[in-house]
Ligand SMILES: NC(=O)c1ccc[n+]([C@@H]2O[C@H](COP(=O)([O-])OP(=O)(O)OC[C@H]3O[C@@H](n4cnc5c(N)ncnc54)[C@H](OP(=O)(O)O)[C@@H]3O)[C@@H](O)[C@H]2O)c1
């Protein structure tokens, strides 16, 4: 029996590319998003591979439990959980609708946390020894600094990084690994969704394929944190040597 990778946000961008990599390296897939047509397109592209589609809006409270129950009802267990679904919102904090920011926190933080909570015990108990198993959480280089005009988004990604790094320590010796992927600007629908197409953030972007590839390889190697691209790695290191207020000013400048 093949191990299973469940990938959220597999209907486009980084998640779509990650799904292809996991399928081609021998995992059966459970792919999750709201856009059924795009998940069908992925399934078509992966003809000959095992791909199960679950359509689920992860911004709704209770979505993680509902998704876990659907997986269990199908008699499936999950060896790899890829928490990739997420989005950003650009603008002044008090001018972005609160309900939109609540939906973002629900997807980026709450559902990611709950899915990890539901699936971890099964990963620890799996009998598939030797198969890489664990969680690949998609954060961002935004995790390393405060982000004026995307305040909640940056904070949500800092949460993902902190949460994931804590789990790495908790899970030592269990065979379950946790990798945090921290991409910089990547050519996906992200900036359109965030209303951030006209910012300097989009001046230099990596392809979702490159980002997914580095994330996938890092996960298979059991790496703790993966920052794709030399430029992004240099920027992440530079923020360590800056004050938090200087780092916030840089992020603010980039958002204009
Ligand atoms: N692109 C970048 O520059 C960048 C940089 C750093 C980090 N990231 C992170 O990378 C991850 C993937 O984003 P991307 O760049 O690939 O953007 P994307 O092309 O917009 O993909 C986002 C994915 O998340 C899914 N999603 C969003 N809201 C959802 C909801 N309510 N319920 C279920 N699924 C939902 C989308 O599916 P549906 O719309 O079909 O539901 C889509 O598959 C995100 O966590 C993002 O924060 C992106």
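In the range 120-148, which residues are surrounded by fewer than 20 Cβ atoms within 10 Å (Cβ to Cβ) and within 16 Å of the ligand (Cβ to nearest atom)? Within the range 120-148, just 146 meets the criteria. Those strands (runs of 3 or more DSSP E) of the range 5-119 in which 1 or more residues are more than 11 Å from the ligand (Cβ to nearest atom) and farther than 19 Å from residue 212 by Cβ occupy 51-55. Being away from the ligand (no atom under 11 Å from the Cβ), touching a strand residue (DSSP E or B) at 6+ places or on another chain (Cβ under 6 Å) and either farther than 19 Å from residue 143 by Cα or at pLDDT below 95 (or both): is that true of residue 176 here? Criteria met by residue 176.
Only a single criterion out of (1) touching a helix residue (DSSP H, G or I) at 6+ places or on another chain (Cβ under 7 Å); (2) surrounded by fewer than 18 Cβ atoms within 10 Å (Cβ to Cβ); (3) under 23 Å from residue 11 (Cβ atoms) is not satisfied by residue 179, namely (2).
Residue by residue, here is whether (1) farther than 23 Å from residue 196 by Cα; (2) surrounded by fewer than 20 Cβ atoms within 10 Å (Cβ to Cβ); (3) out of contact with any strand residue (DSSP E or B) (no Cβ under 7 Å at 6 or more places or on another chain) holds:
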residue: 70; (1), (2), (3): yes, yes, no
residue: 84; (1), (2), (3): no, no, no
residue: 96; (1), (2), (3): no, yes, yes
residue: 107; (1), (2), (3): no, no, yes
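The values are calculated or read from the model by the stated rules, or taken from the named source; none is laboratory data. Computed from a predicted model, the values in this text were never measured in an experiment. Glycine also receives a Cβ, built like all others from the backbone with ideal geometry; neighbour counts cover every protein chain displayed.
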